[in-house]
Amino acid sequence: MHYLYLVAAVILFGTHFRFNQIYERESGAGMRASCVFIALSSLAGLVVLLFLNGPSFSVTPFALLLAGLSAVDGVAYSVFSIKAFGRVNLSLYSVFAMLGGMLLPTLTGLVFFHESLTLLKGLGLAVLLAAVLVPLAGTGDRKGLGYCFAVFCFNGLYGVFATLFEKLPYDKPTAAQYSILVAALTAAVAALMLPFLKKERVPLNAKSIAALAGYGVFNRVGNYLVLLALTVLPASVQSPFVTGGVIIVSFLIGLVTKQKPAKAEYVSAAASLAGLVLLIFA
């Protein structure tokens, strides 16, 4: 059942990058546009999470601390994501986002929670690492790479906070309630930044509003499903599984759209599939 949660999260994560691209194209990549995107997309995700959770709600100091850190981290991740889309293509952005999302939570599980590293798991991680790095060859935009490295760090830290929430033995609310708290605080942080930013017009049209709403729902529900999976699965399995799955989904989307995959992406998708098989049987 928990692998089904991950499969559903993979499908959501594999498609939500497209919404980010559409918004950047329609409304811009400035700081004000980024904060508007973060605030409104978080509110869209919040509405769906409230429906999934039901009427009950609780907060603990531990959850509030991690949710606050996740909110600040999520705002930074979204800002640098939109900046990166103005400099690099989706494939390169995805490499850094997925690499951070895989390595940092995996290392957290192995080092701090003493998760086992079997031969099959080690091979699966190595194959997935290779799958992520293959599309990186030939990149030369230093400023774009700088934005991508920030995406690597902030996306990885988001996964680390999720791992800490599920694995540390402190009093905590349910995964849905924690997800609601993160979404609400993220929207609040982004909204509080707006009065301090340069006054610039942020054009919103039907496409950009649909894009930010789609991103918010897909992203928040996907992260909620990851938290559910982490209640049983170790972080050193969950994070690589999501990474490999997103590579495959992005590749399949490329096959049926105008963004046809390059040769390196065929290799990356095949390696991802092999890595996932190794992890499932690890």
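Net charge in the neighbourhood of Ala175 (other residues with Cβ under 14 Å of its Cβ; Lys, Arg +1, Asp, Glu -1) is +2.
Rounded to the nearest 500, the 222 nm mean residue ellipticity of the chain from helices alone is -27500 deg cm²/dmol, with -39,500 (n - 2.57) taken per DSSP H run of at least 4 residues.
Normalising the average separation of contacting C-alpha pairs (under 8 angstrom, six or more residues apart) by the number of residues puts the relative contact order of the chain at 43 percent.
For a protection proxy built on the mean count of beta-carbon atoms within 10 angstrom, sort 225-231, 164-170 highest first, please.
Descending mean neighbour count gives 225-231, 164-170.
The spacing between the range 169-193 and the range 53-89, judged by their C-alpha centroids, is 8 Å.
Here, the range 189-243 is characterised by an Rg to Rh ratio of 1.18, where Rg is the alpha-carbon radius of gyration and Rh the Kirkwood radius.
Is the shape of the range 1-140 best called rounded, prolate or oblate, per the rule: a/c under 1.5 gives rounded, else a/b larger than b/c gives prolate, else oblate, with a ≥ b ≥ c the square roots of the Cα gyration tensor eigenvalues? Since a/c reaches 1.5 but b/c is at least a/b, the shape of the range 1-140 is classed as oblate.
For the range 26-173, the relative contact order works out to 41 percent when only alpha carbon pairs closer than 8 Å and six or more residues apart are counted. Using a 1.4 angstrom probe on heavy atoms only, work out the carbon and sulfur share of the accessible area of the range 54-182 in %. Looking at the range 54-182 in its full context, I get 71 percent from C and S.
When both the range 207-231 and the range 268-282 are represented by their alpha-carbon centers, they are found 24 Å apart. Heavy-atom accessible surface of the chain, averaged per residue, reaches 44 Å², computed with a 1.4 Å probe. Of the trypsin sites (Lys or Arg not before Pro) in the range 213-282, the ones in a loop by DSSP (not H, G, I, E or B) with at most 13 other beta carbons within 10 Å are Lys258. One compactness figure for the chain is 0.96, namely its Cα radius of gyration divided by 2.2 N^0.38 Å. Ordering of 203-209, 98-104 by packing is 98-104, 203-209, highest average first (other Cβ atoms within 10 Å, averaged per residue).
The values are calculated or read from the model by the stated rules, or taken from the named source; none is laboratory data. Owing to the predicted nature of the structure, the values given are computational and were not obtained by experimental measurement. Note: ideal-geometry Cβ built from the backbone for every residue, glycine included; neighbour counts use all protein chains shown. The protein model used for the area step is the full one, side chains on, heavy atoms only, and it has no ligands, DNA or RNA in it. Shrake-Rupley method; radii C 1.70, N 1.55, O 1.52, S 1.80 Å.
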